[in-house]
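One structure below.
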Amino acid sequence: MEKRFASIWFRYLTTDRHAIRKPGLRTVPFALAAPVHGRMVITEANAVAEAQGVIRGMVVADAMAFLPTLEVADEQPGLAARLLNVLGLWCIRYTPLVAVAPPDGLILDISGCAHLWGGERRYLKDVVSRLRFRGFHVRMAVAGTIGTAWAVARFGTKRPIVQNGGEADVLMDLPPAALRLEPEVTAKLHKLGLRTIGSFMHMPPSVLRRRFGEDLPRRLRQALGREDEPIVPLRPIPPYVERLPCLEPIRTAAGIEIAIQRLLEVLCKRLSGEGKGLRAASLVGHRVDGKVVQVGITTSRATASIPHLTKLFGLKVPQIEPALGIELFVLEASGVEDADPVQEALWGGATGLDDTALPELIDRLKGRAGIRAVYRYLPDEHHWPERSFREASSLTELPSTGWKSDRPRPTRLLPKPESIEVTAPIPDYPPMLFRYRGEVHPIRRADGPERIEREWWLDPGEHRDYYCVEDDKGRRYWLFRAGHYGDDSSRQWFLHGFFA
Amino acid sequence: MMAASENTREIVNRLKQDILRLQGVIPPDSPATRIGLGPVEKAFPHGAFPSFGVHEFICRCREESAATSGFMGGLLGKLMAGGGVCFWISTSRMLFPPSLVTFGVQPDRVVFMEVARERDVLWAAEEALKCNGLAAVVAELRDMDFAQSRRLQLAVEKSRVTGLMLRSNPRIVGATACAARWRIAPLPSLPADGLPGVGFPRWEVELLKVRNGNPGCWQLEWAEGRFVPMVRRISQASSRMKKIS
């Protein structure tokens, strides 16, 4: 069977994507820019901007000088590749073999597919109109070779469908850039006056190779169909979903547990085979009465361990209401990540934050007490006591700074400082006695003051002068005076913590 | 006569060892596992701190729970020395994590858990004590009856994790299955050479109950990263103990 290829060109791929998100950008000059050597350089401009002379590679300041209405946004690295991948996966509805042609195109192997749409013309029209409806500027061409389809999609001026054997005639009038050449080679060809492919197509390949390198004759052969060009088709990732239909509706907790076990066995086998682990999963039960019950779990580390996941779901089983019975279970892994391969049996006894037993314990505790219930602290670069530590984002996050131990700190800190009555000599001496919850504490020993300034850029208020004091019974407290001595000096003393 | 009494003492010692073995008290593997409590450790069976047991700390006020937290920090510093992880379960966020550095604990190696109800503290503590990837579990709770403490102690015996229960203002201090019951009270500090200011933390450490051991009362100071026993008071305590016996 003769081969047929389609090439799709997304002329304004990333700007189109921005315009889809923000429709107002479609009618105004808009460009994306990225920093190059300290200057913002335009990486892509939309059709309106291009019509007014804004081109790729221009400095943003220059473009703004002659087009002050130009809207500029930062380029997101990797966006184009991601978009192409998504669009490629979408195109699998037209052919099973879709390949990405970076930076801005797709290649479809449509051999034997087009007749399903009633011919290549209708096929092409369908693809283009659907993509245009989504908001993308596209050009598409169909030919017997990838090279020709690519060239016609970008540079063709006549018919977008090229019959097999007609490649040479079509390529004849196109510029050399249509052969997917390096810019240096194209520039050299232009310098020598070879402005169309036809002007050098019939030159002996040895001459071309000597002058322009191996690339030019190879691309020419590929475009004319004299050399095969392999494509790497996209493989869609099948979603991590498992279904378990039941002959008889399930109504008991034991039955639900068996169903979970069966589903997990299949899903975890696939996950561990792919080196992946599960971070979040949901179990949906379709009931006989047409209602749907759902429970979800999350894990703190990617895992594919069946006993652990069974335990986590086991905690949720009481929340599943089977009513008249559940006839279909669907288990979906909504969060899947690469898992570290662990030798659980061999190193099971190791202690530490990297131990596998710890995340499993935390998952079980979180499953019952809530996700926010378990946390770790890391030091933070603040002197203000309440802000001197922060919650860690993960179990294995390492501290970026060391814990400070140069100043004495109380082991117990009141969440909110409590007001106390104090007798203290002015101006800066520690108190002689204080009254807290109706009890008078005569102070025998004291250290301080240690002034801690409030971070005014974070919250307004007074600084604190901290004193570490010990009363006659040896009980040690952390007191502070908010701000300087003022008129209502009785109200500005607080107890903040208890020392060991 | 003398030889006979020597003989009797030997027999009694051997019988004591047998009773301990029958009661399931495991002798410590090596002297390196000592926790550094000095004379306090002699009160325990085999003269070593029972790391594989549940310890109960009674606190009557906030000052005492602060002192107990400090003392526990000292114990945790030793228990977590090999890169271990500690679990701290409570119903409120009262502990000030940076203060643990003073007692030799890296606060980032402590995993905290906050639950709403006392009942969940016990459940979480039991789950955590069953996990042998941990070095120690601290739980702050108020009341614990015999059955609950027995569950914890059984979990510990299987997983060999140290359990420290901080009981503040308990309503009833009844019998429990714990290895020891402590009470830590703050004492006035004594800065060296009569310097002004507050000195090192100093506590009165009271062992109210010890399974297969002798209760007692000691004075300890936390100085330069270790427990320092106060020598003068120990002799008093031991003499008092003699008087009691």
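Here are a few things to note about the model shown:
- The set of residues in the stretch B:191-223 that are in contact (Cβ under 8 Å) with a residue 40 or more places away in the chain and within 14 Å of chain A (Cβ to nearest Cβ) comprises B:PRO201, B:TRP203, B:VAL205, B:LEU220, B:TRP222.
Condition check ((1) out of contact with any strand residue (DSSP E or B) (no Cβ under 7 Å at 6 or more places or on another chain); (2) among the polar types (S, T, N, Q); (3) at positive phi) across all residues:
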position	(1), (2), (3)
A:GLN52	yes, yes, no
A:THR69	yes, yes, no
A:ASN85	no, yes, no
A:GLY105	no, no, no
A:LEU108	no, no, no
A:THR145	no, yes, no
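- When A:THR423, A:THR411 are screened for being away from chain B (no Cβ under 11 Å), surrounded by 12 or more Cβ atoms within 10 Å (Cβ to Cβ) and of a type in the set (Val, Ile, Thr), only A:THR423 passes.
- Scanning the stretch B:117-128 for any residue that is within 14 Å of chain A (Cβ to nearest Cβ), surrounded by 21 or more Cβ atoms within 10 Å (Cβ to Cβ), in contact with a strand residue (DSSP E or B) (Cβ under 7 Å, 6 or more places away or on another chain) and closer than 30 Å to B:GLU224 by Cα turns up nothing.
- Any hit, the stretch B:148-162, residues being free of Cβ contacts under 8 Å to residues at least 60 places away in the same chain, part of a helix (DSSP H, G or I) and either within 12 Å of chain A (Cβ to nearest Cβ) or surrounded by 21 or more Cβ atoms within 10 Å (Cβ to Cβ) (or both): yes
- The single residue among A:VAL138, A:VAL128, A:VAL59 that is in contact with a Lys or Arg (Cβ under 7 Å, 6 or more places away or on another chain) and either surrounded by fewer than 18 Cβ atoms within 10 Å (Cβ to Cβ) or not assigned by TED's automatic domain parsing to the domain that holds A:VAL170 (or both) turns out to be A:VAL59.
- For B:ARG167, the stated conditions do not hold, so it cannot be described as farther than 23 Å from A:VAL374 by Cα, at pLDDT 90 or above, within 18 Å of the chain's Cα centre (by Cα) and more than 11 Å from chain A (Cβ to nearest Cβ).
- Hits in the stretch A:363-390 - residues which are more than 7 Å from chain B (Cβ to nearest Cβ) and farther than 21 Å from A:HIS496 by Cβ: A:ASP363, A:LYS366, A:GLY367, A:ARG368, A:GLY370, A:ILE371, A:ARG372
- Scanning the stretch B:87-99 for residues that are more than 7 Å from chain A (Cβ to nearest Cβ) and either closer than 23 Å to B:PRO201 by Cα or of a type in the set (Asp, Glu) (or both) turns up just one, B:TRP88.
- Selection of the stretch A:56-75 for residues being within 21 Å of A:ILE20 (Cα to Cα) and of a type in the set (A, V, I, L, M) yields A:LEU70, A:VAL72, A:ALA73.
- Pair list, Cβ under 8 Å, 6 or more apart: the stretch A:463-487 residue more than 14 Å from chain B (Cβ to nearest Cβ) and in contact (Cβ under 8 Å) with a residue 12 or more places away in the chain, other residue in a loop (DSSP other than H, G, I, E, B) and of a type in the set (A, V, I, L, M): A:ARG481/A:ALA424; A:TYR485/A:ILE426
- Test: A:ALA33 is of a type outside the set (D, E, K, R) and part of a strand (DSSP E or B): yes
- Considered as a group, the residues in the stretch A:15-35 that are surrounded by 12 or more Cβ atoms within 10 Å (Cβ to Cβ) and among the β-branched types (Val, Ile, Thr) include one that is farthest from A:ASP62 (Cα to Cα), and that residue is A:ILE20.
- Residue within the stretch B:71-84 that is within 7 Å of another protein chain (Cβ to nearest Cβ), crowded, with 21+ Cβ neighbours inside 10 Å and over 16 Å from B:LEU37 (Cα atoms) present: no
- From the options A:ALA99, A:ALA73, residue that is outside any loop (DSSP other than H, G, I, E, B) and farther than 16 Å from A:ILE231 by Cβ: A:ALA73
- Tally, over the stretch A:436-454, of residues that are surrounded by 13 or more Cβ atoms within 10 Å (Cβ to Cβ) and either among the hydrophobic types (A, V, I, L, M, F, W, C) or more than 13 Å from chain B (Cβ to nearest Cβ) (or both): 5
The values are calculated or read from the model by the stated rules, or taken from the named source; none is laboratory data. Because the structure is a prediction, the values reported are computed rather than measured. Here Cβ is always computed from backbone atoms with ideal geometry, including for glycine, and neighbour counts include all displayed protein chains.
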